[in-house]
Each structure stands twice: as structure tokens, then as C-alpha cells.
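Bear in mind that the values in this text are calculations on the coordinates, not laboratory data. Here the structure is a predicted model, which means the values were calculated and not measured. Virtual Cβ from ideal backbone geometry, glycine too; neighbours counted across all protein chains shown.
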Amino acid sequence: MKAAKIILYDFFGSRIGKSILNLLSHFVYANNLKKINKKNNNAPKKFLVCITIDTESGYVKDNDERAWQKDEPEAYIGYYKGVENWRNLLNEHNAKATFFLSTNCFNARNEGLTKIDDQLKLLLKEKHEIGLHMHPDSDQALQIALKEKFHYTGAKFYDYDKINKFIKIGKELIQKNIGINPTSFRWGNWALNTDAVKALQANGFNVDSSATPGISGHLNAGMHYDWSKAREHYPWKLSLKDYQNTISQDSKIIEIPIATFKLFGVTLRADPVYSELLNSAFDHYYRNADRSEKPFAFMVISHSIEATHEDGSITRVIKDMGEFINHAKKLKDVEFVTVNTAYKGINQ
Ligand SMILES: [Zn+2]
């Protein structure tokens, strides 16, 4: 299975593969995006692009396979080189981004910890955002703080008390180590649930970006996540009764979902691993998303580890994201902003 994925990835990275993706990209669309019958003569508000980077241990292997944090929790290069390679790209374009941080990095020692600390400080100095990212099963700093081993990623495997502790301790680890108070959040592998919404509210978070509208996965495994019923592409307030309910809007937490799109019936995330398709998804949203009253936020996802090989050199994901930024920034009203900047724009 893995091998097939990599063969496809290599194929679509080739010149002929890219031209095929370019042809396919005419079939990219998102359900319920267009607000039909909406009459409004206001000038459109901004089209905000939020580049979000889940920041973890790991790296891209020479054969393009990923070593994830779960496989190699001590491969801290995913933090210091991953973040550095992203920063170089973002700063070159003066684009601001959000780094959802797995607190596993605070288990690094000596030179590794110093390098990570330097990169995180630079992120803040350069006005990027650091939010919290939750992987209970591979976050060694969290496990040490709670004196317990955890074996699942998904929130659904834990009770409210445990989830509340994960979020509270995660936030404290960030405060203690880098002196900021994170207010944005993404559960690892998108595996949020209703108790996690309650815990986010109890811990003073403003905004979550775990939703992948229309997508579920790993349904019989520890990485289980399910957004098959939540199909909304515009931000909503999360529900305290059922996290997939986009109507009741009874919490204070704004969900800004990851942009998802369809291609031949398959729903995909806005992610630079799909190279040309990311540009097409952006075009579709740019043309169709309603911006008559509020700015629209187009949420793109990637990972720190996908920016670095084991030797620290940059990867194809960085090159493809560079092409995407060049593509998007030509259009009127497009701005690359952090999640909290988008939150403020939307919540006005
Ligand atoms: Zn993650």
C-alpha cells in the first residue's frame, strides 16, 4: 500500500504526471461552497490563505516515504530543520503561517533542544503563530508530564478528564518553554471529538482547525477520525453536544476547517502533496467562496517533517508550496495570514 502511494507520488511529481494532474484539475470542485441566490453589492472582502504546519519529529526519507513522529519520536530534525526550511520559504514571500506544535519537542536535550528553541523563537519574532497540536501516543514530553503511556492518537479513546489534562498540560508546556499562550489548536490526525471541544473551551482556546469536511479515515484504528457528517466549508462555532454538528453553534470555539475538495468522487485536503491539485482547489475556492460580508479563509495543511530530508535538505513539498504561493499571490485580495489573524477577520 505504502509502495503504491509512493509510486503515484513520484509519478505525479514528474513532468508528464504534472501535465496529467493539470488536466484533471478541471474536475476539482467543492460541494456547498457557492451561496446561490445571494444578492450583495458589497466589494468582496479579503481571500485569506492560512498555511498551517503540524510541527513534529520525523523527516522525508530518500525514497519519499515519511518517517513520522510515531515511528521516530526522537528524530527532532523534523522540528529544527523542518521549521527552518519552512521559515526560509515563508519569509522569502513575506507569508505568515501557523505552526501547530506537538510538545514532544520539549523532550529533546542539549544541542537538539537549543536548535529547536532557536527556531521557535525566530517563528515568533517573524510574526508567525504557534498553536497546540495533540498526539498523546507519540508526545513523550506529555507522557512524562502525566507519568503515563498512551497508545492512541484519537480523542475518542480517552475520557473528558484525560482530554482536559492533555490540552491543559500541552498549553503549559508551551507557556513554560517559549513563554506564549497558544489560542489555536489542531488534534493530531484531525481526531477531535465532542469532549475535546469542551476541553478547548475550558482552557481558553479561540479557534480549532481539526475539521476535514467530508473526510473520515482509519475508522478501525487508533488514528480514527471522522468528519464525514460535517460538510461545511465556512467557519462555524463548534457544538458542545456533537462535534460534527455545524448548526447548533453553542461553544465559543470557532472552527476554521481545512479546505477539502472533490476529484472524481474522492474528497481530498488542500495539501501541497497533491501539487497541481492544490492550485486548482485554490482557484475553485477563490472563484466561488462568498466574501460579500466576511473574508474567506482557505486553510492549507502540511507538516514540518515534510520540509526536510534526514540530512536537512529541502524537499519537494517545499518546492510545490513555493509554486502554490507564487500562483496564489498574483490574485487580488489574497493575503497569507496566521490562523488568529483569520479568526479576528472572521469574528468581527
Ligand atoms: Zn500531527
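A few comments on the model shown:
- Test set (1) within 14 Å of the ligand (Cβ to nearest atom); (2) surrounded by fewer than 24 Cβ atoms within 10 Å (Cβ to Cβ); (3) under 17 Å from Leu120 (Cα atoms) - Arg87 fails condition number: (1)
- One residue from Asp226, Asp208 being within 16 Å of the ligand (Cβ to nearest atom) and charged (D, E, K, R): Asp208
- Filter result for the condition that a residue is away from the ligand (no atom under 15 Å from the Cβ), over 17 Å from Asn245 (Cβ atoms) and not β-branched (Val, Ile, Thr), over Lys168, Lys156, Lys198: Lys168
- Scanning segment 171-188 for residues that are more than 16 Å from the ligand (Cβ to nearest atom) and polar (S, T, N, Q) yields Gln175, Asn177, Asn181, Thr183.
- Residue in segment 191-200 that is in contact with a Ser or Thr (Cβ under 6 Å, 6 or more places away or on another chain) and surrounded by fewer than 24 Cβ atoms within 10 Å (Cβ to Cβ) present: no
- Residue list for segment 123-162, restricted to those being under 20 Å from the mean Cα position of the chain (by Cα) and part of a helix (DSSP H, G or I): Leu123, Leu124, Ala155, Lys156
- Qualifying residue in segment 289-311 (condition: without any contact (Cβ under 8 Å) to a residue 24 or more places away in the chain and farther than 29 Å from Ala43 by Cα): yes
- Which listed residue is within 16 Å of the chain's Cα centre (by Cα) and under 20 Å from Leu33 (Cβ atoms), from Arg269, Arg287: Arg269
- Only one entry in Lys115, Lys45 is buried (at least 17 other Cβ atoms within 10 Å of the Cβ), assigned to a loop (DSSP other than H, G, I, E, B), over 20 Å from the mean Cα position of the chain (by Cα) and away from the ligand (no atom under 16 Å from the Cβ), namely Lys45.
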